[in-house]
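Presented below is the structure to which this report refers.
The values are calculated or read from the model by the stated rules, or taken from the named source; none is laboratory data. Every value quoted in this text rests on a predicted model; they were computed, and no experiment measured them. Counting neighbours? That spans all protein chains shown, and the Cβs are built from the backbone with ideal geometry, glycine included.
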Amino acid sequence: MTPLTAFNSGAPVRIGSGTETVTLVEGATFCLSDRHGDMLLGRPHGLFFRDARVLSRWELRVDGQVAESLSVESTEAFAAQFIQRRAPRSGRVDSTLLVVRERLIADGLRETISLHNLDRESTVVSLELHVDADFADLFAVKEGRAAVGGADMSVVDGELVLDEWGDQLRGLAVTASGKPLVMPGSLNWRVVVPPGECWQTEIVAQPTWANQKISTRVRRGEDVESSAPARKIEAWRDTATNVETDHPVLAQVLRQTESDLGALLMHDEAGGGRAFVAAGAPWFMTLFGRDSLLTAWMALPLNVGLAVGTLQQLAAVQGRRVDPITEEEPGRIMHEIRRGPASDDMLGGNRYYGSVDATPLFVMLLAECWRWGADEAAVRALLPAAEAALTWAEQYGDRDGDGFVEYQRATDRGLINQGWKDSFNGINDAAGHAADPPIALCEVQGYVYAALTSGAELAEAFGSASAAARWRERAHRLREKFLDAFWLPKQGWYAIALDRHKRPVDALTSNIAHCLWTGIAADEHAAVIVERLAGAEMDSGFGLRTLATTMGAYNPMSYHNGSVWPHDTAIAVAGLLRYRHVPGATALAERLAGGLLDAAETFGGRLPELFCGFPRSQFRFPVPYPTSCSPQAWASAAPLLLMRSFLGLDPHVPRRRLSMAAQVPAAWGRIALTDLRLGGLTVHLEAEGGLVKTHGLPDDWELVTPS
């Protein structure tokens, strides 16, 4: 047997997603550069803080040239070392000057440049660091609309000060050691490095607001291992469950999951201490309703507190009024929050509510947190938000009173599609024609069904029997109507949606697998769906395609019409294993999970947001999608859902019951979870194949396993 590989062993991680762009991320701050460490004008490079690019140029020249890149190393997502050498001088093959750029980000940037002279005589080195900032909004950079132009620059007491042209609210202050010559737009050093010695300079770029420096967690002279980001991720690891597995790739992927979720971790700036996960780097470093909720669900085996913090944060900004510009409605859960300079133009404000699925997902997650042992007082405090969410589904989500939840944007500023496939062409029929709104998505009806049953369970547990009965009845009616209206007997799958005229939108999509996950699907339908999902039209060999190859809109290089999304495949696996009694469901779940892990190995252990859906028979390795986020929250968390699904792990702390229906793939060997927190309980679980062992489970608890 292969020796167990520890989840929390802290091995070095790969950064980026197979491209030349290096991404560093820490909370709401992130940095994009090339593999030299340079941030180049005209590219989507830069240091981003609070949804604005505060550095658009950061280019180092050694004796007037770009240093030659040797490697890029990183042990955490918030720090990297760019290892380089001075370009060999004319007539020489080798260089004797090693250049190391060590970068750390946390509400700002700190870079230490080290020059190591490996020669036997002193060397003279000229360094130039060119600096500029455009303070462009994140959306403008992402879409290539950022204007070419620099900041208003000045030198004050040896400090380079950059201010936004016009209002001068946003700014940046750059300071450095080593006595540089500071000029508007550059810092310059000319130094002599003795033989065998090292020279260093430390540079700090600190964002400012209204000419006041923002308190930063980047400190001079502090080791990366002692920095605030390192302490934050160490605290995250201390509270997270330890996972061990025999499978080396799964172990590598789970290590990456832990590291990336820790790096994407954000905290409530208002001082509430609530933790939640940003959706993903580089473009979604903020709270997203759908993404943050699903990520928190998947991460429950790692840390329940993350889910509670996400719920509390979303409840604090839950809809209170009707506003067509932001699409806010009473009880509606927010889609995203932004703080960039163009937020008003893009979203109508700092918060945008145009999501049809975040609201039922909120209720689903609250009930799941309760089952996993979240603090009872915290759950009770969130019950009014859950009730408001279910009321929204009935009064605002169901626009025409037909029992289904639909969406249609309120103005031409909102998202055309408001489910998880929210690109403009993401919802179409078998011929490839776009569906006309209002649109009722199949997976959303499943989410609402699960939210109603979850709400009923919560209501009953917390003393509201009448509400529980009312919501169970609504769930029953919804399921009956769904099975009748969405099932396509000739095709053998659920319609992805009903359109404006209540006609089924008949494309074969991965959305139907979400209906398995939520339990709204009928067994007889699930048996046929498994066959459809198992075909080469849907299974790419590296995961489940979003759209079948036989559909009119299929394009393996599209965002939602034929690509593979890891979180989507993980939800499909969870759904298949919920219906494991259906012939072929478990075998397909194992095949999809195996393909996804093979893809993860290709991407260095970090699953990207999505990748192209070309068949494995065409290309030996998954083809990256060019603008995919990496790390991305629900892609990072997807392996945890795979693991939980094959463990059949389903705790119910209030009822003092632990259910495990393990069907661990033979290739995975043994999986062990230690320090798994279930309320006030800490337990140890092991599973291999269908065999389950537990340690630390009290005598008054019930362990439920298949007979």
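A few remarks follow.
- Of all the criteria given as (1) touching a residue at least 60 places away in the same chain (Cβ under 8 Å); (2) closer than 26 Å to residue 227 by Cβ, the one not satisfied by residue 137 is (2).
- The lone exception for residue 689 - which of (1) surrounded by fewer than 16 Cβ atoms within 10 Å (Cβ to Cβ); (2) at pLDDT below 95 it fails: (2)
- Scanning the stretch 480-506 for residues that are surrounded by 14 or more Cβ atoms within 10 Å (Cβ to Cβ) and within 18 Å of residue 530 (Cβ to Cβ) returns 483, 486, 487, 488, 491, 492, 493, 494, 495, 496.
- Those residues of the stretch 612-650 which are aliphatic (A, V, I, L, M) and in the same structural domain as residue 571 (by TED's automatic domain parsing), in sequence order: 633, 635, 637, 638, 640, 641, 642, 643, 647, 649
- Residues of the stretch 259-306 that are at pLDDT 80 or above, among the aliphatic types (A, V, I, L, M) and farther than 22 Å from residue 653 by Cα: 261, 263, 264, 265, 266, 275, 277, 278, 279, 287.
- In the set (1) surrounded by fewer than 24 Cβ atoms within 10 Å (Cβ to Cβ); (2) over 23 Å from the mean Cα position of the chain (by Cα); (3) touching a residue at least 60 places away in the same chain (Cβ under 8 Å), the condition left unmet by residue 423 is number (2).
- In this structure, residue 613 does satisfy being in contact with a Ser or Thr (Cβ under 7 Å, 6 or more places away or on another chain) and either part of a loop (DSSP other than H, G, I, E, B) or surrounded by fewer than 24 Cβ atoms within 10 Å (Cβ to Cβ) (or both).
- In the stretch 326-354, the qualifying residues are those that are touching a Phe, Trp or Tyr at 6+ places or on another chain (Cβ under 8 Å) and among the acidic types (Asp, Glu), and the one that is modelled with the lowest pLDDT is 336.
- Sub-9 Å Cβ pairs linking a first residue in the stretch 60-72 that is touching a residue at least 40 places away in the same chain (Cβ under 8 Å) to a second residue that is exposed (fewer than 14 other Cβ atoms within 10 Å of the Cβ), at least 6 apart or interchain, are 61/126; 62/126; 63/89; 63/124; 63/126; 64/126, ordered by first then second residue.
- Yes/no for residue 635 being within 27 Å of the chain's Cα centre (by Cα) and either closer than 15 Å to residue 253 by Cβ or free of Cβ contacts under 8 Å to residues at least 12 places away in the same chain (or both): yes
- Residue 403 being among the small types (Gly, Ala, Ser) and at pLDDT below 95: no
- Residue count for the stretch 158-211 under the criterion of being surrounded by 17 or more Cβ atoms within 10 Å (Cβ to Cβ) and part of a loop (DSSP other than H, G, I, E, B): the result is 2.
- Only one of the listed residues (101, 43, 61) is in contact with a Gly (Cβ under 6 Å, 6 or more places away or on another chain), within 30 Å of residue 170 (Cα to Cα) and of a type outside the set (A, V, I, L, M). That residue is 101.
- Just one of the listed residues (470, 477) is assigned to a helix (DSSP H, G or I), touching a Gly at 6+ places or on another chain (Cβ under 8 Å) and either among the basic types (Lys, Arg) or surrounded by fewer than 23 Cβ atoms within 10 Å (Cβ to Cβ) (or both), namely 477.
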